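Down below is the structure, laid out as structure tokens.
The values are calculated or read from the model by the stated rules, or taken from the named source; none is laboratory data. The model shown is predicted, which means the values in this text are computed figures rather than measured ones. Backbone-built Cβ (ideal geometry, glycine too); neighbour counts: all protein chains shown.
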């Protein structure tokens, strides 16, 4: 495998792409969880206020 | 389709569709990467041509995402579609991400083939301008607090920036560039051997589906962010009203 010319460039290209794609997925998933948690907390606060 | 303009309907549809779309994306990536690594080397470039299977789909997506944003901008300014500005805002960071992949993989492909990581030729420079446009749009959304004003400003900037799309596409024909001319989408048909073309098309489909999945997820986040902002204001208003009643009761007693 190491005898393939320019293997370092090929591996680096795939690694950078994987890192950027995983970072985009991670950022969106983390943002979704944070928003869902905040909405649940706010809903609970409102229901608590409405309770007699 | 018109039903999707309703954010609640959009959330319900994406909840059902996202797992299947994500599964299809993962399957396409497995098939695409497998066939890309089994594909024969290019007669001139050798195995370095494997960079093509990520560079070219990322390059196509970088322009395609801007087309999506342009359509969303028209939706914001002309039809005032309720989800258009959310779609535009959600696409900008993804466009920046895929354009970054395109620039970096192109640079890593250029060094062994051209002898340089970067040259100021028309194709490379116009794609760099596209990347800066994406970053500018992300910054614009973050710098204006009022979502309505931010949406209109971003839509106008997007429409102005779309003049760059034909420049990117035809730069290799209009100017004498180091970058090769179009070899897949051209009038005379593709000039790539089928053994190399098929893995490229599968990878392009996988990248496109990945963008669709991420875009739907990011639009969903945007809807939740707006719902959260509305609820926070409502809770604050209810709190104020309660405090006023309390103060009025105290002073009346």
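Quick notes on this structure:
- Selected residue (criterion: farthest from the other protein chains (Cβ to nearest Cβ)) from residues of the stretch B:106-116 that are touching a helix residue (DSSP H, G or I) at 6+ places or on another chain (Cβ under 6 Å) and buried (at least 20 other Cβ atoms within 10 Å of the Cβ): B:106
- Filtering B:90, B:86 for residues that are at pLDDT below 95, closer than 27 Å to residue B:161 by Cα and buried (at least 23 other Cβ atoms within 10 Å of the Cβ) leaves a single hit, B:86.
- Looking across the stretch B:135-167, the residues that are surrounded by 17 or more Cβ atoms within 10 Å (Cβ to Cβ) and farther than 19 Å from residue B:75 by Cβ come down to B:164, B:167.
- Residue B:80 fulfils the conditions (1) free of Cβ contacts under 8 Å to residues at least 60 places away in the same chain; (2) under 19 Å from residue B:206 (Cβ atoms) except for a single criterion, (2).
- In the stretch B:142-155, the condition of being free of Cβ contacts under 8 Å to residues at least 40 places away in the same chain and under 25 Å from residue A:17 (Cα atoms) is met by no residue.
- Taking first residues from the stretch A:1-24 that are within 8 Å of chain B (Cβ to nearest Cβ) and partners that are modelled with pLDDT under 95 and not in a helix (DSSP H, G or I), the Cβ contacts under 7 Å between residues at least 6 apart in sequence or on separate chains come to A:5/B:46; A:7/A:1.
- Restricting the stretch B:39-54 to residues that are at the interface with chain A (Cβ under 7 Å from one of its Cβ atoms) and in a helix (DSSP H, G or I), the residue that is nearest to residue A:21 (Cα to Cα): B:54
- Qualifying residue in the stretch B:114-129 (condition: under 22 Å from the mean Cα position of the chain (by Cα) and farther than 24 Å from residue A:9 by Cα): yes
- Between B:218, B:236, the distinction of being modelled with pLDDT of 80 or more, touching a helix residue (DSSP H, G or I) at 6+ places or on another chain (Cβ under 9 Å) and assigned to a helix (DSSP H, G or I) belongs to B:218 only.
- Just so you know, in the stretch A:26-46 the residues that are at the interface with chain B (Cβ under 7 Å from one of its Cβ atoms) and within 10 Å of the chain's Cα centre (by Cα) include one that is farthest from residue B:107 (Cα to Cα), and it is A:32.
- Residue B:103 being free of Cβ contacts under 8 Å to residues at least 40 places away in the same chain, surrounded by 19 or more Cβ atoms within 10 Å (Cβ to Cβ) and either within 14 Å of chain A (Cβ to nearest Cβ) or over 16 Å from residue B:215 (Cα atoms) (or both): yes
- If you filter the stretch B:117-134 down to residues that are more than 19 Å from residue B:161 (Cα to Cα) and in contact (Cβ under 8 Å) with a residue 40 or more places away in the chain, you find that the one that is surrounded by the most Cβ atoms within 10 Å (Cβ to Cβ) is B:121.
- From the options B:4, B:77, B:11, B:21, residue that is modelled with pLDDT of 95 or more, part of a helix (DSSP H, G or I) and in contact with a helix residue (DSSP H, G or I) (Cβ under 8 Å, 6 or more places away or on another chain): B:21
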